[in-house]
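What follows is calculated from the coordinates using simple rules that are stated; it is not laboratory data. What you are looking at is a predicted structure, and each value in this text was computed from that prediction instead of being measured. Every residue, glycine among them, receives a Cβ derived from its backbone with ideal geometry; neighbour counts consider all protein chains shown.
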């Protein structure tokens, strides 16, 4: 088998909560997303339209604490020893982490001495999606790679940086995803399609780019279905980010996929956990129960014009 | 053919020069690397031991100007159209570039509309080495990928950040590397070996880590030779970084490779151009003349404990 199977996913979400009211009062008025007009409107929008009451944030914990929390959760299962990890991918944007060289840090903390390290960035909230694709590319090209860990942490440095316009409010978390060769149960990557829109390189949350996003969401999904040869009847579950679903659900419908398949349990629970929404939703969908042989379509986008859609096959 | 061949390398080095004397007087005394004692010692060391008189810096140019300069150089050759690039890798540490989302920026500037974008970071001065490996992994796993561009830019934000202890003084530059499938001439990647030393995650230039570095330089080179099955007689040229050669040359000798094969033309010419030393030296070695079928060993290291050694085969 030339691809890897995601056999275990840990997600560490800090206990500390901050209500959207608290969050809202802690940012300067000038930093409040301007698209809705007055302050009260945006707060109301976060509560009513996006359904947030509170989000989880690191509080007194450091980014490295979150990362260690996620790695502890995984290694404590005793299904893999840190020294057996062949490759460690960090899925990481530099502006959501404080610790530099977090891959080397994790390697040292857990004695992952054999691991080669690679940091995948540039896709913002789709970095984990990109890392899963890259981990499979490496595994396909080097058959000696048996066990891969993908790690990521999100620890947003200020309250105002948590507001992603009308899309969502960012919470903090960390993840560790174990991928293994020749595993019999878990998520196996079938196909990934990536699209990039250079025009969005200059991120400006005050601009309404919904029409452009709609075009590229649809393009990415359409091309995924064409290239993979899959259609709605082959897809059992859909995973999207835990943020504003209005636009993406429209696009899912537009490509003849059924939005009833979208996993929505975590939509308003913790906040939008950047690219950690993906492993969180995969883990919780698995906990809830996935049929053997089911196919899961995942879609992630980054604020800079990154769109990554994948299909996984689940084996129980 | 499942691997890619590096068919063209552009390196954009700005004209602006700064002498090491000028550089030295522009940084606070407290920021002068302390390993040699007084200020005068370090300046003398840079001039006599490392042989620097001046380095190239961006001057009034922005990081994006350098990047555009490198891409213009490559695309002006008319050997590839931007719209034919399937994949764009940015080899990039966030602290040596000012423009965020530089991959999307480059995509937009040059209409590389089909390109998927991936940013490889975390190896500091060995990021280009890592990106070449990853580009080949992607190409091996997806045979539809024909043309890949690796781009990188180094634009150091302050004079004091140019001083890498006793290792070198960083200059500014940008590169574009074209990799093509089924090409008949250029550098084809034969093998890459990566080693990572987690202990160095906390970069501290005041600590002397030469013994550790020596151990890991040697380990990385030894394992490369063992795993690839190559020995000194098979290697025609060696490319290292344009910085302090004392330690790496010792290690090259220690693994029975001949240091006379080290390409040294650019050692003191422009400064240490971060991970752009590799494409610069590959380009200039090629200009100087490489025999058909020759093998080139390259070695790059990152300040955070990254060590990447590769073997390339050159076809004329």
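Structure notes:
- Calculated Rg and Dmax of chain A using C-alpha coordinates, Å: 18.8, 58
- Residue B:265-residue B:62 pseudo-label distance in nm [points 7 Å out on the Cα-to-Cβ vector]: 3.4 nm
- Label-point gap, in nm, between residue A:315 and residue B:208 - each point 7 angstrom along Cα→Cβ: 5.5 nm
- Estimated [θ] at 222 nm from DSSP helical runs (n ≥ 4, -39500 (n - 2.57)) normalised by residues in chain B, nearest 500: -8500 deg cm²/dmol
- Annotation: peptides B:165-175, B:106-116, ranked by per-residue average of other Cβ atoms within 10 Å with the highest first, follow the order B:165-175, B:106-116.
- Label-point distances for residue A:161 to the equivalent site in the other copies, using a point 7 angstrom along Cα→C-beta, read 1.5 nm when ranked shortest first.
- Mean per-residue shielding of peptide A:137-147 is 4, counting Cβ atoms of other chains within 10 Å of each Cβ.
- Whole-Å distance, taken between Cα centres, linking region B:93-171 and region A:247-305: 30 Å
- Calculated FRET value between residue B:111 and residue A:45, using beta carbons and R₀ = 41 Å, to 0.05: 0.65
- Peptide B:89-102 is shielded by partner chain Cβ atoms: per residue, an average of 3 of them sit within 10 Å of its Cβ.
- Translational diffusion of region B:106-163, estimated by Stokes-Einstein from the Kirkwood radius over alpha carbon pairs at 25 °C in a medium of 0.890 mPa s, is 182 µm² per second.
- Using the average count of surrounding beta-carbon atoms within 10 Å as a protection proxy, the listed peptides B:43-55, A:222-234 rank, highest first, as B:43-55, A:222-234.
- q = 0.06, 0.11 Å⁻¹: log10 I(q)/I(0) that the Debye formula gives for the protein assembly as shown, counting C-alpha atoms only: -0.31, -1.08
- Considering only beta bridges that DSSP places wholly inside the protein assembly as shown, some 75 percent are antiparallel.
- DSSP beta bridges confined to chain B are antiparallel in about 75 percent of cases.
- Taken along its principal axes, the alpha carbon cloud of region B:186-315 reaches lengths of 43, 34, 22 Å, longest axis first.
- With its label point put 7 Å out from Cα toward Cβ, residue B:232 sits 6.9 nm from the same residue's point in the other copies, in order from shortest.
- The antiparallel fraction among DSSP beta bridges confined to region A:186-315 stands at about 80%.
- The mean number of Cβ atoms from other chains found within 10 Å of a Cβ in peptide B:295-308 is 2, as a whole number.
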